[in-house]
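Below is one structure, written out as structure tokens, with a few remarks after it.
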Amino acid sequence: MAGCWSPSATYRRPKPRNATTQCWKNRPSRRNLNQIASGKPGAVHAGDICIAGVGMREAPLRARQHLSYAPDESPIYPFLTGSDLLDFVCMAKKRPLDTYVVGLIDGFGLPPFMGVRFSNLSLGSQKKLLLCAAWIGEPDVIFLDEPSNGLDLASRDLLAELIRQRSRETTIFYVSHDRDFVAATEANVLTMKDLSLRVINRHPK
């Protein structure tokens, strides 16, 4: 399943391939929802979010082991290299860098830049590394914030194909204002308006 929040007011029902897409109309709403769903400490103030049957409030560390998150802007220390980032994620998840992620690194053309510090990398290279890190450990749920930002056309097409393929076995939610990219992923679209109506209907006055 893949999911996208879109500025449009329409909602597409799940497609046979079970892909969904996320696009938020504005950054505050989009960022807050991504932070809540991806398990940022302190983001959940009421209720709970369960990932693979594990509650985020009761066992946040165990729940977050089942998900990955690639932010829009890089939060990585500028002195770290691409190899440092991926090694750290592998250590944190206690999972090796599998052949699938290695293939993604090659597909993104990253090998020449793995030893370069983040401060010296382009926006596109930073984004590619964050996306590679998100797929480490075969997570059950993946959240991506504006995943096509900064990508060259070939990498954008590769990512769209990746989302189409992996959404058959992994739940993928992403935020995007790139309508062409959303169409390329064949994802289902949800809107903030649609979600607001659902919340209102669940809590009538």
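The values are calculated or read from the model by the stated rules, or taken from the named source; none is laboratory data. Owing to the predicted nature of the structure, the values given are computational and were not obtained by experimental measurement. Using ideal geometry, Cβ is built from the backbone for each residue, glycine included, and neighbour counts are taken over all protein chains shown.
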ASN149 versus (1) free of Cβ contacts under 8 Å to residues at least 60 places away in the same chain; (2) within 21 Å of GLU73 (Cβ to Cβ): which is the lone unmet condition?
(1)
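What residue, among those in segment 86-120 that are among the charged types (D, E, K, R) and at pLDDT 95 or above, is farthest from GLU161 (Cα to Cα)? Break it down into steps so the answer makes sense when it comes.
Let us first name the residues in segment 86-120 that are among the charged types (D, E, K, R), namely 87, 93-95, 98, 106, 117.
With at pLDDT 95 or above added as a condition, the list becomes 87, 106, 117.
Details: ASP87: 25, ASP106: 15, ARG117: 28 Å.
Top of the filtered list is ARG117.
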Taking the condition of being surrounded by fewer than 21 Cβ atoms within 10 Å (Cβ to Cβ), out of contact with any Lys or Arg (no Cβ under 8 Å at 6 or more places or on another chain) and not in a helix (DSSP H, G or I), how many residues in segment 142-156 meet it?
1
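Residue-by-condition table, conditions (1) in contact with a strand residue (DSSP E or B) (Cβ under 8 Å, 6 or more places away or on another chain); (2) surrounded by fewer than 20 Cβ atoms within 10 Å (Cβ to Cβ); (3) within 23 Å of ASP178 (Cβ to Cβ):
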{"site": "ARG62", "(1), (2), (3)": "yes, yes, no"}
{"site": "HIS66", "(1), (2), (3)": "yes, yes, no"}
{"site": "ALA70", "(1), (2), (3)": "yes, no, yes"}
{"site": "GLY82", "(1), (2), (3)": "no, no, no"}
{"site": "MET91", "(1), (2), (3)": "no, yes, no"}
{"site": "ARG95", "(1), (2), (3)": "no, yes, no"}
{"site": "CYS132", "(1), (2), (3)": "no, no, yes"}
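Considering only residues that are under 25 Å from PRO78 (Cα atoms) and not in a helix (DSSP H, G or I), which ones fall in segment 120-141?
Filtering segment 120-141 for residues under 25 Å from PRO78 (Cα atoms) gives 120-137.
Selection gives LEU121, SER122, TRP135, ILE136, GLY137.
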